[in-house]
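Beneath this line is the structure, given in structure tokens, with notes to follow.
The values are calculated or read from the model by the stated rules, or taken from the named source; none is laboratory data. Small disclaimer: the values here were computed from a predicted structure and weren't measured. Heads up, the Cβs are rebuilt from the backbone with ideal geometry, glycines too, and the neighbour counts pull from every protein chain shown.
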Amino acid sequence: MTYANNSDIEQVSVFLKIKRKFGKFLAKSFPYNGVRVYGLRLCNFTIGEKVYIGNDLIVASIISENTCNLIIKDRVAIGPRVTLILSSDANWSNLMNQIEPIKGTITLDDDCWIGAGAIILPNIIVGKGSIVGAGSVVTKDVPPNSIVAGVPAKIIRTL
């Protein structure tokens, strides 16, 4: 994914691109949680203490720029096959001339739990102590101490 016509992108070195690619590989595929967490830190994402990352985590972002970020605070649990979308675009389609790429930061606040197969879109904050149900698609911020579920995710209960 490249944005040839976007001047606000800060390009990164080839070494950093390789480092991020390797970090994402570790975060997705390594059998030990500590190494999966280390993989995300290699990508220069902010990862707190006592974080659990399930197998097959997908972090969709452009490795060639610094404008997307992932912030995972303390004691966050991420289930298997979760997708965190930091950026999305139409790639080489002619739509790139009509639609701006979507990119941003995802913040998972302290003590939140992301269920298996959930998808979280860019520029989302999952509030402290919140739960995202399995298979949910989070399209807007989740208030603290809330349980959200569904497509799109909606509040189903407050803790």
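Here are a few things to note about the model shown:
- Qualifying residue in the stretch 116-136 (condition: of a type in the set (S, T, N, Q), out of contact with any Cys (no Cβ under 8 Å at 6 or more places or on another chain) and not in a loop (DSSP other than H, G, I, E, B)): no
- Residues of the stretch 130-159 that are in contact (Cβ under 8 Å) with a residue 40 or more places away in the chain and within 13 Å of Asp109 (Cβ to Cβ): none at all.
- Arg36 satisfies every condition listed in (1) modelled with pLDDT under 90; (2) touching a Leu at 6+ places or on another chain (Cβ under 7 Å); (3) of a type in the set (Lys, Arg) except (1).
- Subset tally (residues that are under 17 Å from the mean Cα position of the chain (by Cα), in a loop (DSSP other than H, G, I, E, B) and under 18 Å from Asp74 (Cβ atoms)) for the stretch 137-159: 0
- Count of the stretch 93-115 residues, restricted to those that are assigned to a loop (DSSP other than H, G, I, E, B) and farther than 25 Å from Val51 by Cβ, is 5.
- Among the residues listed as Ile53, Ile63, Ile78, Ile71, the single one being hydrophobic (A, V, I, L, M, F, W, C), at pLDDT below 85 and surrounded by 14 or more Cβ atoms within 10 Å (Cβ to Cβ): Ile63
- Applying the criterion of being among the aliphatic types (A, V, I, L, M), in contact with a strand residue (DSSP E or B) (Cβ under 7 Å, 6 or more places away or on another chain) and in a helix (DSSP H, G or I) to the residues of the stretch 25-50, the residue that is surrounded by the fewest Cβ atoms within 10 Å (Cβ to Cβ) is Val37.
- The lone exception for Thr105 - which of (1) crowded, with 18+ Cβ neighbours inside 10 Å; (2) at negative phi; (3) not small (Gly, Ala, Ser) it fails: (1)
- Answer residue from the stretch 81-92, given it is among the aliphatic types (A, V, I, L, M) and assigned to a loop (DSSP other than H, G, I, E, B) and is surrounded by the fewest Cβ atoms within 10 Å (Cβ to Cβ) among those: Ala90
- Pair list, Cβ < 9 Å and 6+ apart or interchain, from the stretch 12-24 residues that are closer than 17 Å to Cys68 by Cα and crowded, with 16+ Cβ neighbours inside 10 Å to residues that are at pLDDT 90 or above and among the charged types (D, E, K, R): Gly23/Arg41
- Val126 vs. criteria of a type in the set (A, V, I, L, M, F, W, C), under 16 Å from the mean Cα position of the chain (by Cα), at pLDDT 95 or above and farther than 20 Å from Val51 by Cα: no
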